[in-house]
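The values are calculated or read from the model by the stated rules, or taken from the named source; none is laboratory data. None of the values given here were measured: they were computed from a predicted structure. No Cβ is skipped: glycine too gets one built from the backbone with ideal geometry, and neighbour counts run over all protein chains shown. Accessible surface areas use protein heavy atoms only, side chains included; no ligands, DNA or RNA. Shrake-Rupley method; radii C 1.70, N 1.55, O 1.52, S 1.80 Å.
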Amino acid sequence: MNTKTKLEKIKSQEIDIEEESQKFLQKITDSNINAFITVNEKQVIEKAKKLKENISKQKAGKLAGLLVSVKDNIAVKGIRMTCGSKMLENYTAPYNATITERVLEEQAIIIGKTNMDEFACGGSGETSFFGPTLNPWNNSRVPGGSSSGAGAALAAGLCDLSIGSDTGGSIRSPATFCGVVGFKPTYGLVSRYGLSDMTMGIETPGPMARDVYGAAILLESMAGNDPKDNVSTKQKQFDFTTKLDNFSFEGKTIAVPKEFFEGSETTVSQIVLDAVEEMEDRGADRIEISVPDTKFCVATYYLNMYAEFASAMQKFDGLKYGFRTETDSTLNETVSANREQSLGKEVKRRILFGTFISMKEFQGKWYSKALQAKNIIKQKYEKIFSKADFMVSPAAPFTAFEIKEKIDDPLAMYLADTLVSFANLSGIPAGVVPFGFSHGLPVGVQIAGGQNKDLEVLQAMQTLELKRGEIKWPQK
Amino acid sequence: MATKIGLEIHVQLKTNTKMFCECNTNFLDAKPNTLICPICTAQPGSKPMGINERALELALKTALLLGCKINTGKELFVERKHYFYPDLPANYQRTSRPFAVEGELYGVRIREVHFEEDPGRYELRTGEVDYNRSGIPLIEIVTEPDMKTPKEARDFLKKMKTVIEYLDAAKPEGGLFKVDANISTDGNERVEVKNINSIKGVLKALCFEEIRQKNLARQGTPIKKMETRHFEDTQMITTFLREKETGDDYRFLPDPDIPPLEISAESVEKLKQDLPETPTTKAKRLKEEYRIPKLEADTIASERDLADAFEKVAGKVNAKFASKWFVNHLKRELNFRTKTFIESKLSTKEITKLLTALEKRSITKHTGVDILRKMLDEQVSAKAILEEHGGKAGFDVDSIAKEVMLENKKAAEDYRAGKTESLNFLVGKVMAKTKGRLEPKQCIEAVKKGLEK
């Protein structure tokens, strides 16, 4: 059942929210994919009961009765927020992220907090302290990351919608690997207040769903100005649903960047090119473009990330909250021990790199150059989108890979970010919609648009979705 | 090379809310950790809100009063200064790049001014941290090493204090100042003394350092590496904290959550229109407007609240008379009690009553001072004392005159017999009994009245 139909059936009370919630909770219990770190069992039923009693009496919220999962690096008041780390294993968020507030206002039911790479450091879901998330399509494969639980939970039918976050592809990677819709909005469209910091200058929360409508209505609920986020848009409200169907590729220009296909598996490229052909069939003009700077994107992304991440991670000292080891040594030794014993290998690697490149000695050498490079990349993409409406590409050069295949090879892992980080560096919207399968594993098509063209990108995604038709979801 | 002293002065700005969140800043009356939120305690996911506009306005105005040039039309970054310490919830402090440079106040050059957020309060002994103070806006004023003696540093700070008081920019409960003092003496490397919370403390710390350093140089063991020392308030000495590494690395990073600020030339012009008088301009105006001597005007203008009180009183009584009284009596009594005018809690209404009585000569100067002292020490109102004294400062002069005449019958008879000198003798006795609290005229009248009977 698609999201739109489900919402209608909830409002007309054809669906009993309480029963539905129980059904989903049971599915989570039965599932073996480790998609959730915390399940909000008790409150889900309480909330469902309350909502059920009131749904006919009052105007239903946009997300009334939908079971929404939240990535575990986003604050939900009163619920544990681990960021996938031992450091925060027992940390309960004392406040709501702005987006949490907003989806609750729209009467969503938060079903639980999804598994993720530790502090979002990873692209495969394998670095979580709570164990890897498995790909529902093939349990020996990774689900992508870092919003790994979010993508996997949707594919496995454990929730209706997921809130993820995308710093360098963290929504789009699990979307393509799990065969679900993932959307990284324009930077600033969605408030970051309550999203644990990784690379503050480029990251954003975003919606994930089984269909584009689901992503659009979740985005609509979350988007808009927030005084608690300085980079937030001025506009108060957005509409991404009423005009979602009102779209044609007629007269649109599609840019196809050749570098994005060069390193990609043939079957992956083929599915994306099929999508491009479909757009052309519907009247779009296709232009081949070359983005030679693509190879600099990963370097630029990682330098930005290292420096900002190391700074952001300073707060985790285990003194105010978080993991604290038994010791009576000096303050500095205590903090070191707390961090040493509770942070994972990849997190430490990034903190060390970040500390190194932001040292006084290298001032002006790494981070400031990375910021400059980010600006140059941004300008390049502005230029591309002055000529084209969309850029279409794969979101990953391959389908979901084997668990443990790349975990000991950080460089290979980092390269998987090549096809996604451009959108973060340039602040533009980019979404992934599943469009085919290769050896039983889903392949998504990535569509990017210019600044603030979020609606247009969603419209294009939905057009492809309609062409593709129903997905036969994995049954487990 | 002579002694060189440079100061870094931290001033807590007087705002209702903190620098990057909406928490109340009234930490004096609050229980520990009650004025906090996810932002000023660095909970995972929290972000700074925009820069507190009132704080920015006060910061800019202060810099203008210090004669600084404002860095307009440029991107002004707020940076993160990283170091681990329990009072710093994020383990980095947000601190702006200098927004003002090249000022001068009373001959001391101001190198730069920037704003930052205050850390919380860490109690070393108990290991407890109170974050009520965390995030309160501060400015740091950095001078050039232009002061040559500890006394010069103290005098400069006193003047700086007056300027800041004039703007009403600082939170008085923050102790107004926290100072880090840099001092280098002949033959020694520079030493930074941290944690000085009062002007007196600056003087003591610097005097101690000057002697200590000179002794070290004399003994042939001068300070060779820059060091940081801690001022021990209770003992008035400085203790070694650490060697200052040139490699002190705070890994400054522009805060990605705070877009750079741009201060426009127009907004600075607007602020300039809105600047209060400085002690110097105020003294000049008082001198001209009330035709009082320069020295008196300077003294009155040295405290903004004192000057305000003077202007109110000078509208009701003779300004020249009021000015003299403010300088010769009020200021002196305040100094004696090391109190500021505002701390004295005197009201201008009360002062006016007292001065009116003095002006009408219904009390003597001496009595006036007595009443002022009572007002200061016993918090009694001038009105009550004046009424009690019945305008005669508590003496029934007629009965005292009678007494005197009974005790000096011979003198009284001599006067009645035409020996006029006896009057002076009797008046002298009355004045002695009333301890000079009465005007001679009053005494003469009373004696004459008594003799007539």
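As a test of the definition: with a 1.4 Å probe, what buried accessible area, both sides summed, do you compute for A against B, in Å² to the nearest 100?
Separately minus together, A and B give about 3000 Å² buried.
Per residue of A:325-333, count partner chain C-beta atoms within 10 Å of its C-beta, then hand back the mean as an integer. Display every interim value, and only then the final one.
Working: counts 0, 0, 0, 0, 0, 0, 6, 2, 0.
Partner Cβ neighbours, averaged per residue: 1.
Rounded to the nearest 0.05, what FRET efficiency is calculated for residue A:13 and residue A:105 with R0 set to 25 Å and r the Cβ-Cβ distance? Please list the in-between numbers first.
Values: r = 21 Å, r/R0 = 0.85.
For residue A:13 and residue A:105, the calculated efficiency is 0.75.
Each principal axis of the Cα cloud of chain A was evaluated for its coordinate range; sorted largest first, these ranges are 67, 57, 45 Å.
Of the GluC sites (Glu not before Pro) in the range B:217-281, which ones lie in a loop per DSSP and count no more than 13 other C-beta atoms within 10 Å? Kindly include the intermediate steps, with their values, before the conclusion.
On the way: sites: B:227, B:232, B:243, B:245, B:262, B:266, B:269, B:277; in loops: B:245, B:277.
The qualifying sites are B:245.
Straight-distance candidates among the lysines for linking to residue A:50, with alpha-carbon spacing under 16 Å and chain neighbours fewer than 8 residues away dropped: A:11, A:42, A:59. Here is the list for the range A:187-280: trypsin sites (Lys or Arg not before Pro) lying in DSSP coil, each with at most 14 other C-beta atoms within 10 angstrom of its C-beta, are A:234, A:236, A:243, A:258. Give, as ranges by residue number, the residues of the range A:430-457 whose backbone N falls under 17 Å from the point 7 Å along Cα→Cβ of residue A:270. The answer is A:435-445, whose backbone nitrogens lie closer than 17 Å to the label point. The trypsin sites (Lys or Arg not before Pro) of the range A:306-352 include none that meets both criteria, a DSSP state outside H, G, I, E and B (loop) and at most 16 other C-beta atoms within 10 angstrom of the site's C-beta. Here the protein assembly as shown is described by how far its Cα atoms reach on the three principal axes: 140, 78, 57 Å, from widest to narrowest. Remark: mean inter-chain Cβ contacts per residue of A:307-314 equal 5, using a 10 Å Cβ-Cβ cutoff to other protein chain atoms. Think of the protein assembly as shown as a dipole: +1 on every Lys or Arg Cβ, -1 on every Asp or Glu Cβ, centred on the Cα centre; then among B:120, B:172, A:73, B:172 lies furthest on the positive end. Take the protein assembly as shown with all the other protein chains still there, run a 1.4 Å probe, and you get 43 Å² of accessible area per residue.
In summary, the aspartates and glutamates within cross-link reach of residue B:320, defined as a Cα separation below 12 angstrom excluding same-chain residues under 8 places away, comprise B:288, B:289, B:296, B:311, B:359.
Under the simplified labelling scheme, the residue A:243-residue B:30 pair shows an inter-label distance of 4.5 nm, with each label point 7 Å from Cα along Cα→Cβ.
Quick check on packing: order B:415-424, B:286-295 by the mean number of other C-beta atoms within 10 Å, highest mean leading. The partial results should precede the final answer.
Values: B:415-424: 12.6, B:286-295: 15.3.
In decreasing order of mean packing, B:415-424, B:286-295 become B:286-295, B:415-424.
The residues packed around residue B:35, meaning those with a beta-carbon under 11 Å from its beta-carbon, carry a net charge of 0 if Lys and Arg are +1 and Asp and Glu are -1. In this Cβ point-charge picture (+1 for Lys and Arg, -1 for Asp and Glu), the range A:71-163 has a dipole of about 120 debye about its Cα centre.
Quick check for me: using +1 on Lys/Arg Cβ and -1 on Asp/Glu Cβ, what's the dipole size of the range B:277-389 about its Cα centre, in debye to the nearest 20?
Numbers: 24 positive and 18 negative charges, 68 e Å.
Result for the range B:277-389 is approximately 320 debye, rounded to the nearest 20.
Near residue B:50, once Lys and Arg are set to +1 and Asp and Glu to -1 for all other residues with Cβ below 15 Å from its Cβ, the sum equals -2. Compared with the direct C-alpha span, the chain from residue B:158 to residue B:378 gains 76.4 nm at full extension, assuming 0.36 nm per residue. The mean number of partner chain beta-carbon atoms within 10 angstrom of a residue's beta-carbon across peptide B:47-53 is 4.
Excluding same-chain neighbours fewer than eight residues apart, the aspartates and glutamates reachable from residue A:365 by a Cα-Cα span under 16 Å are A:308, B:249.
What's the extension gain from residue B:267 to residue B:53 if we count 0.36 nm per residue and subtract their Cα-Cα distance? Numbers along the way, then the final one.
Details: separation 214, 0.36 × 214 = 77.04 nm, distance 1.23 nm.
Stretched out fully, the residue B:267 to residue B:53 stretch lengthens by 75.8 nm.
Over 28 Å apart at the Cα level, from the set B:171/B:194; B:339/B:383; A:9/A:49; B:178/B:294, are B:178/B:294. Restricting attention to the range A:193-345, lysine pairs at least eight places apart or on different chains and with alpha-carbon atoms under 24 angstrom apart total 8. Rounded to the nearest Hz, the phi-derived 3J(HN,Hα) couplings of the range B:199-211 under the Karplus curve 6.51 cos²θ - 1.76 cosθ + 1.60 (θ = phi - 60°) are 5, 4, x, 4, 4, 5, 4, 5, 4, 4, 5, 4, 5, where x marks glycine and proline. Provide the net charge surrounding residue B:188, with neighbours chosen by a C-beta distance below 9 Å and charges set as Lys +1, Arg +1, Asp -1, Glu -1. Around residue B:188, the charge tally is +1.
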